[in-house]
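S.K.: Mind having a look at this structure? Questions to follow.
The values are calculated or read from the model by the stated rules, or taken from the named source; none is laboratory data. Only a predicted model underlies this, so the values are computations on that prediction, with no experimental measurement involved. Using ideal geometry, Cβ is built from the backbone for each residue, glycine included, and neighbour counts are taken over all protein chains shown.
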Amino acid sequence: MSENAKSASSETPSVFSPELAARFDALIEKYPARRSALIPMLLYAQDEVGYLSDAVVAEIARRIGITELEVRNVATYYSMLRFKPAGKYNIQVCTNISCMLRGAYDLYERFQEELGIGHKGVTADGLFSLEEVECIGACCWAPAIQVNYDFHDELKPDLVPGILAAYAQRVEDRARDPFREKGKNA
Amino acid sequence: MPRLVSHPDEVKIISRRFGLGAASIDRYLELGGYQAVKKCLAQGPEWIVEEMKASNLRGRGGAGFSTGMKWSFVPKQAAKPKYILVNGDESEPGTCKDHLIFLHDPHSVIEGTIIAGLAVGARMGFIYLRGEYRYLLEITERAVAEAYARGFLGKDIFGSGTEFQIMTQTGAGAYEVGEESALMESLEGKRGVPRIKPPFPAVVGLYGGPTVINNAETIATVPHVITMGAAAYAAVGTVRNGGTRLFCLSGHIERPGVYELPMGYSLKKMIYEIGGGVRGGRKLKAVVPGGSSTPVLLPEEIETLGMDFDQLGKAGSMLGSGGVVVIDDQTCIVEFALRTISFYAHESCGWCIPCREGTDWLKKSLTRFHAGFGVPSDIDNIQYLSENMLGRTFCPLGDAAAMPTIAFVKKFRKEFEAHLNGQPCPFAREGVPQLTVV
């Protein structure tokens, strides 16, 4: 382990929760090469922080022992990684061929209407964001979407308001009882 | 939750534990799990490789290369550690079979990985899922933890004195990472760009060591081949195309779903009997037989066509990843071609010019064309551009974009011509939004 990496994990204040920091310490040591932990770390960091902020990039670089530039060079390649905050619930509508043939564009349009945002837009309250995405591997259950990591399949435009209401409800439930859904959909 | 489907013609080998709770190790053991790996430990590496060769199992990722042959290329003695890499980066549009395997039967992937490791002398395997499959990663991670707890993985697997470790991870959104060398780059924490071959992964792969890379479905099939016996498995399919595979029926079909059918099964029967025909009683216009990168087939081309690697090759297409996308007669092929090429333009990693520039120009040409601003020379230009991408790229993504485009233009030239000179798309209908391009 390099001197840099050591100080990152033990002394420098972390942008990550103690649980995630501990998980990263273990992950880096598990692979035959430290750098192999990079992509999983970027994903888990994004799940917790919401996006890859400058502080996230800097800390991941320190922990692995590579430059921030190297981290950015890799992170910009992958479509799920983002450098700006998305909504609390990021709605990803697949419009690739199998979904397109079964009405994905009608579905996508309905989401745009209901939310008042377009591709990569975020609602004013920060609750939802919307993305048109490529194939998500649910072709036989088309049209399909993902909300964060949750799949919803065999959809129709009429189901859109209900889906949005259910996610909005989750936030209200959590406001009443903050411990109920701890750790979920960070 | 993805819906499971069933049909009497199915031969359930890989899917026999779907829907039976086999993601839990106790249930997997009850259903005959981890017997194949014990047999392999007793028989030794050479026997395993010979069984795999004799089974005629061919790679389910799309290339259709003999699994046994691939394993036999790994040198017995190597200076660096050997690795098994399971490609669960399922991203080919029209394909969702690995989704079900990880959901319902993750232990079959683990067992297959161990067997591959025993066959080539590797002590470590990686199971790499696409980033969108986080819930499937969690299921797989629980299964791996169960296998460790039972001593099926670790320093001394099944008390044999042999070591085998498995690590799991996901990508973060990149079709290109499904290409084997790009997958290794991604696993090493880099951008997913392909490596120049040779050397091939069997000689210089992950971390520079000899590496076997197999599709998740191929690996999940391995324990069944061992249990059934190579001869019995081979007998299910056609000549040189052993066994069954998971076909993903999607698009304009009455009963979409993942069906397990013997290799060589009639494509026509697959659409009309298994899938219940074209949705709403409409007529079949075309079918993409093996994921979006395989050239489209016309109804008259599928009359006697059996779904195996060789018959599809002869028909001028490919069996690919098993994604059968059915297109009805009210679909605009220009729009379909545009959506297909938009995907490849989005996913091209940008490493080599024919693919990066070619997919982008094809997308631009088709966008303009579909909007009604095409000129007659565009049609030949689209074909010329595509043909100049073929075989001129580091990895098959360039071909994957060019091959279907060539087929769309060749087989539906009249429809392309109908979009010329400012004529509106003949399929544009009230209430059907025109394709927006991301």
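S.K.: Could you list all residues from segment A:107-130 that are within 9 Å of chain B (Cβ to nearest Cβ) and buried (at least 17 other Cβ atoms within 10 Å of the Cβ)?
M.R.: Residue satisfying the conditions is A:Y108 alone.
S.K.: State all residues of segment B:238-260 that are buried (at least 24 other Cβ atoms within 10 Å of the Cβ) and of a type in the set (A, V, I, L, M); if no residue qualifies, say none.
M.R.: B:L246, B:L249, B:I253, B:V258 - these are the residues of segment B:238-260 that are buried (at least 24 other Cβ atoms within 10 Å of the Cβ) and of a type in the set (A, V, I, L, M).
S.K.: Restricting attention to segment B:71-103, report how many residues are under 18 Å from the mean Cα position of the chain (by Cα) and either farther than 16 Å from B:R60 by Cβ or within 11 Å of chain A (Cβ to nearest Cβ) (or both).
M.R.: Just the residues of segment B:71-103 that are under 18 Å from the mean Cα position of the chain (by Cα), to begin with: B:84-103.
Filter once more, so that each one left must be either farther than 16 Å from B:R60 by Cβ or within 11 Å of chain A (Cβ to nearest Cβ) (or both): B:88-100, B:102-103.
Result for segment B:71-103: 15.
S.K.: Looking only at segment B:104-135, which residues are within 7 Å of chain A (Cβ to nearest Cβ) and small (G, A, S)?
M.R.: Within segment B:104-135, just B:G131 meets the criteria.
S.K.: May I pose another question? Looking at B:F18, is it surrounded by 15 or more Cβ atoms within 10 Å (Cβ to Cβ), within 18 Å of B:G243 (Cβ to Cβ), in contact (Cβ under 8 Å) with a residue 60 or more places away in the chain and not assigned by TED's automatic domain parsing to the domain that holds B:G275? Steps first, answer last, please.
M.R.: Details: surrounded by 15 or more Cβ atoms within 10 Å (Cβ to Cβ): yes; within 18 Å of B:G243 (Cβ to Cβ): yes; in contact (Cβ under 8 Å) with a residue 60 or more places away in the chain: yes; not assigned by TED's automatic domain parsing to the domain that holds B:G275: yes.
The answer is yes for B:F18.
S.K.: Working only within segment B:216-251, note down all residues that are within 14 Å of B:E111 (Cα to Cα) and not aliphatic (A, V, I, L, M). Give the steps one after another, and end with the answer.
M.R.: Quick first cut of segment B:216-251, residues within 14 Å of B:E111 (Cα to Cα) only: B:216-227.
Within segment B:216-251, B:E217, B:T218, B:T221, B:P223, B:H224, B:T227 meet the criteria.
S.K.: Restricting to segment A:13-36, what's the tally of residues that are within 19 Å of the chain's Cα centre (by Cα) and not aliphatic (A, V, I, L, M)?
M.R.: Residues of segment A:13-36 that are within 19 Å of the chain's Cα centre (by Cα), as a first pass: A:15-17, A:19-21, A:23-24.
Of the ones still in play, those that are also not aliphatic (A, V, I, L, M) are A:16-17, A:19, A:23-24.
Result for segment A:13-36: 5.
S.K.: Scan segment B:286-295 and give yes if some residue there is away from every other protein chain (no Cβ under 14 Å) and part of a strand (DSSP E or B), otherwise no.
M.R.: Within segment B:286-295, none of the residues are away from every other protein chain (no Cβ under 14 Å) and part of a strand (DSSP E or B).
S.K.: Follow-up. Go through segment B:383-419 and give me each residue that's closer than 14 Å to B:C332 by Cα, of a type in the set (A, V, I, L, M, F, W, C), modelled with pLDDT under 95 and outside any helix (DSSP H, G or I).
M.R.: Across segment B:383-419, the qualifying residue is only B:A418.
S.K.: Continuing with the same structure: How many residues are under 20 Å from the mean Cα position of the chain (by Cα) and of a type in the set (D, E) if we restrict to segment B:30-70?
M.R.: At the first step, the residues of segment B:30-70 found to be under 20 Å from the mean Cα position of the chain (by Cα) are B:52, B:55-70.
Of the ones still in play, those that are also of a type in the set (D, E) are none.
Adding up the residues that qualify gives 0.
S.K.: Please specify each residue of segment B:346-362 satisfying the condition of being within 14 Å of chain A (Cβ to nearest Cβ) and either without any contact (Cβ under 8 Å) to a residue 24 or more places away in the chain or surrounded by fewer than 22 Cβ atoms within 10 Å (Cβ to Cβ) (or both). Before the answer, list the steps.
M.R.: Just the residues of segment B:346-362 that are within 14 Å of chain A (Cβ to nearest Cβ), to begin with: B:346-351, B:356, B:359.
Matches in segment B:346-362: B:H346, B:G350, B:W351, B:R356.
S.K.: Enumerate the pairs (first residue in segment A:146-173 and on the phi > 0 side of the Ramachandran plot; second residue anywhere and outside any strand (DSSP E or B) and surrounded by 14 or more Cβ atoms within 10 Å (Cβ to Cβ)) with beta-carbon separation below 6 Å, excluding pairs fewer than 6 apart on the same chain, so at least 6 apart or on different chains.
M.R.: A:N148/A:N185; A:E154/A:W141
S.K.: Assess whether B:V177 counts as being at pLDDT 95 or above and away from chain A (no Cβ under 14 Å).
M.R.: Working: at pLDDT 95 or above: yes; away from chain A (no Cβ under 14 Å): no.
Judged against the criteria, B:V177 is not a match.
S.K.: Working only within segment A:71-89, note down all residues that are surrounded by 17 or more Cβ atoms within 10 Å (Cβ to Cβ), within 12 Å of chain B (Cβ to nearest Cβ) and not basic (K, R). Give the steps one after another, and end with the answer.
M.R.: If we filter segment A:71-89 for residues that are surrounded by 17 or more Cβ atoms within 10 Å (Cβ to Cβ), which is where we start, we get A:71, A:74-75, A:77-82, A:86-89.
The next check asks that each one be within 12 Å of chain B (Cβ to nearest Cβ); those that pass are A:71, A:74-75, A:77-82.
Hits for segment A:71-89 are A:V71, A:V74, A:A75, A:Y77, A:Y78, A:S79, A:M80, A:L81.
S.K.: Okay, moving on. For A:V160, are the conditions met, namely being of a type in the set (V, I, T), more than 8 Å from chain B (Cβ to nearest Cβ) and buried (at least 17 other Cβ atoms within 10 Å of the Cβ)?
M.R.: Values: of a type in the set (V, I, T): yes; more than 8 Å from chain B (Cβ to nearest Cβ): yes; buried (at least 17 other Cβ atoms within 10 Å of the Cβ): yes.
Considered against the rule, which asks whether it is of a type in the set (V, I, T), more than 8 Å from chain B (Cβ to nearest Cβ) and buried (at least 17 other Cβ atoms within 10 Å of the Cβ), A:V160 comes out as yes.
S.K.: Also: Taking segment A:39-93, which residues are outside any loop (DSSP other than H, G, I, E, B) and in contact with a strand residue (DSSP E or B) (Cβ under 6 Å, 6 or more places away or on another chain)?
M.R.: Going through segment A:39-93, the residues outside any loop (DSSP other than H, G, I, E, B) turn out to be A:39-49, A:54-64, A:68-75, A:89-93.
Correct list: A:P40, A:Y89, A:N90, A:I91, A:Q92, A:V93.
S.K.: Now, a different point. Here are B:R356, B:R368, B:R339: which of them is over 25 Å from B:E179 (Cα atoms) and basic (K, R)?
M.R.: On the way: B:R356 fails: over 25 Å from B:E179 (Cα atoms); B:R339 fails: over 25 Å from B:E179 (Cα atoms).
The match here is B:R368.
S.K.: Moving to a separate point now. Considering each of B:E46, B:E51, B:E30 in turn, give the residue that is over 30 Å from A:V147 (Cβ atoms) and either touching a residue at least 60 places away in the same chain (Cβ under 8 Å) or not assigned by TED's automatic domain parsing to the domain that holds B:V204 (or both).
M.R.: Of B:E46, B:E51, B:E30, the one residue that is over 30 Å from A:V147 (Cβ atoms) and either touching a residue at least 60 places away in the same chain (Cβ under 8 Å) or not assigned by TED's automatic domain parsing to the domain that holds B:V204 (or both) is B:E51.
S.K.: Does segment A:126-133 include one or more residues that are more than 16 Å from the chain's Cα centre (by Cα) and of a type outside the set (A, V, I, L, M)? Working first, answer last.
M.R.: Here is the first cut: in segment A:126-133, the residues more than 16 Å from the chain's Cα centre (by Cα) are none.
No, because not a single residue in segment A:126-133 is more than 16 Å from the chain's Cα centre (by Cα) and of a type outside the set (A, V, I, L, M).
S.K.: Quick one: which residue in B:V193, B:V222, B:V258, B:V212 is at pLDDT 95 or above, under 18 Å from B:S91 (Cα atoms), under 18 Å from the mean Cα position of the chain (by Cα) and β-branched (V, I, T)? Explain how you work it out, then say what you get.
M.R.: Details: B:V193 fails: under 18 Å from the mean Cα position of the chain (by Cα); B:V222 fails: under 18 Å from B:S91 (Cα atoms); B:V212 fails: under 18 Å from B:S91 (Cα atoms).
Of the residues listed, the single one that is at pLDDT 95 or above, under 18 Å from B:S91 (Cα atoms), under 18 Å from the mean Cα position of the chain (by Cα) and β-branched (V, I, T) is B:V258.
S.K.: Hey, does segment B:148-163 have a residue that's buried (at least 24 other Cβ atoms within 10 Å of the Cβ), under 20 Å from B:Y128 (Cα atoms) and of a type outside the set (G, A, S)?
M.R.: no
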